[in-house]
1. Which condition from (1) farther than 16 Å from I76 by Cα; (2) exposed (fewer than 12 other Cβ atoms within 10 Å of the Cβ); (3) of a type in the set (A, V, I, L, M) is the one that V24 breaks?
2. Considering only residues of the stretch 29-60 that are in contact with a strand residue (DSSP E or B) (Cβ under 7 Å, 6 or more places away or on another chain) and free of Cβ contacts under 8 Å to residues at least 60 places away in the same chain, which is farthest from L104 (Cα to Cα)?
3. Across the stretch 19-28, what is the total count of residues that are under 25 Å from the mean Cα position of the chain (by Cα) and either farther than 16 Å from P111 by Cβ or of a type in the set (A, V, I, L, M, F, W, C) (or both)?
4. Can you name the condition, by its number, that F12 falls short on among (1) within 30 Å of Y170 (Cβ to Cβ); (2) among the aromatic types (F, W, Y); (3) surrounded by fewer than 10 Cβ atoms within 10 Å (Cβ to Cβ)?
5. Report yes if D77 is charged (D, E, K, R), closer than 25 Å to V141 by Cα and touching a residue at least 60 places away in the same chain (Cβ under 8 Å), otherwise no.
6. Please work out which one of (1) in the same structural domain as G95 (by TED's automatic domain parsing); (2) in a strand (DSSP E or B); (3) not basic (K, R) is the condition Q9 fails and give its number.
7. Test Y113 against the stated conditions and say whether it is touching a residue at least 40 places away in the same chain (Cβ under 8 Å) and more than 14 Å from A47 (Cβ to Cβ).
8. Determine, yes or no, whether R34 is of a type in the set (D, E, K, R) and farther than 30 Å from N154 by Cβ.
Amino acid sequence: MAEEALSTQVIFEGRILKLRVDTVRTSDGRQTTREVIEHAACIVVIAVDADDNILLVRQYRRAIDKELLEIPAGGIDKGENAEAAVIREMREETGFRPQKVERLGGFYSTPGYCNEYLYLYLATDLTHDPLSAEDTAGIEVVRVPVAQVPELINSGKIEDAKSVAGLLIYLEYRKNH
């Protein structure tokens, strides 16, 4: 079922992504093109405090011109492992350092046109330990009781895919542990 790559042309290469157009031969012999965004792997975090609240972040997203309520997330810096990225991103986005970090799984964000993989982690035993970062100035931390998460998803108040997927995986994990 794999497609045969015939050629690749890089259209744009920026700070966080690369856009390329691949010419491919499909399994039925047709020749067509695929537009592909290359994006480094990232981490996404379900952060749970001592009072059984999930820490979400509200932030403006230029691509859709609105604020979203999301789980903390971010890139993995060159030379950094995923767990270290979880701790750094938590400190930058929420002001808390998790003392316990556990991998819950992972998933592709938008595999129809992007290769970004998201590593999902659970962060607990949170201690206040903020870390300043230039791109986190407009982030607001929102604490939500775990019991309210399904309604926030069903009502559309949480509507980005990584947050919906991560939170649903966490709720299932919670039932089994």
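The values are calculated or read from the model by the stated rules, or taken from the named source; none is laboratory data. Bear in mind that the values here come from a model prediction, so they are computed numbers and not experimental data. As a convention, Cβ positions derive from the backbone with ideal geometry for all residues, glycine included, and neighbour counts pool all protein chains shown.
1. (2)
2. So, considering only residues that are in contact with a strand residue (DSSP E or B) (Cβ under 7 Å, 6 or more places away or on another chain) and free of Cβ contacts under 8 Å to residues at least 60 places away in the same chain, the one farthest from L104 (Cα to Cα) is Q31.
3. Of the residues in that region, 2 qualify.
4. Checking F12 against (1) within 30 Å of Y170 (Cβ to Cβ); (2) among the aromatic types (F, W, Y); (3) surrounded by fewer than 10 Cβ atoms within 10 Å (Cβ to Cβ), the one that fails is (1).
5. Considered against the rule, which asks whether it is charged (D, E, K, R), closer than 25 Å to V141 by Cα and touching a residue at least 60 places away in the same chain (Cβ under 8 Å), D77 comes out as no.
6. Going through (1) in the same structural domain as G95 (by TED's automatic domain parsing); (2) in a strand (DSSP E or B); (3) not basic (K, R) one by one, Q9 breaks only (1).
7. So Y113 fits the description; yes.
8. In short, yes.
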